[in-house]
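Asks: Structure incoming, see below.
Every number in this text was worked out from the coordinates using simple rules, so none of it is lab data. Just so we're clear, the structure is a prediction, and the values are computed from it rather than from any experiment. Glycine also receives a Cβ, built like all others from the backbone with ideal geometry; neighbour counts cover every protein chain displayed.
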């Protein structure tokens, strides 16, 4: 398991290659890449700033991955989440999971992403034409996480 919180961008191909390298048992990799959109709640978004508590955020992400490892038969997982100033089309997050079969792998990847959206201590501030605003948690994210409980 690897969890990284960083300002730098990441190379999805290189990260997936490194995650599966040398393990011939892997039959599936499920991944999700989240991007900055240029619109939210009907307003144009010029960029966003992601803030977090160093140390606490990594522990929270690791705990989410550990829960996934306890629920599904997976081999490995990777979470990379960016912080700092980002603009539309920038990558924000990568969640990748390896396993023997797609079903368990897809489920674990989706669980990690759903819990990351609701349990990880990140704060988003968007830059719009009307000024900056904090982004509240979405009800749809809360509902997605509830189905795993």
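Asks: What do you reckon, is residue 88 at negative phi, touching a residue at least 24 places away in the same chain (Cβ under 8 Å), exposed (fewer than 13 other Cβ atoms within 10 Å of the Cβ) and out of contact with any helix residue (DSSP H, G or I) (no Cβ under 9 Å at 6 or more places or on another chain)?
Replies: Considered against the rule, which asks whether it is at negative phi, touching a residue at least 24 places away in the same chain (Cβ under 8 Å), exposed (fewer than 13 other Cβ atoms within 10 Å of the Cβ) and out of contact with any helix residue (DSSP H, G or I) (no Cβ under 9 Å at 6 or more places or on another chain), residue 88 comes out as no.
Asks: Give me the residue from the stretch 81-115 that is touching a strand residue (DSSP E or B) at 6+ places or on another chain (Cβ under 7 Å) and in a helix (DSSP H, G or I) and, out of that set, nearest to residue 138 (Cα to Cα).
Replies: 113
Asks: On to the next question. Does the stretch 36-67 hold any residues that are out of contact with any strand residue (DSSP E or B) (no Cβ under 6 Å at 6 or more places or on another chain) and either part of a helix (DSSP H, G or I) or closer than 18 Å to residue 96 by Cα (or both), and which are they?
Replies: If the condition is that a residue be out of contact with any strand residue (DSSP E or B) (no Cβ under 6 Å at 6 or more places or on another chain) and either part of a helix (DSSP H, G or I) or closer than 18 Å to residue 96 by Cα (or both), then 56, 59, 60, 63, 64, 66, 67 are the ones that fit.
Asks: Something else now. Have a look at 9, 76 and point out the one that is part of a strand (DSSP E or B) and either in contact with a strand residue (DSSP E or B) (Cβ under 6 Å, 6 or more places away or on another chain) or surrounded by fewer than 18 Cβ atoms within 10 Å (Cβ to Cβ) (or both).
Replies: Only one candidate qualifies: 76.
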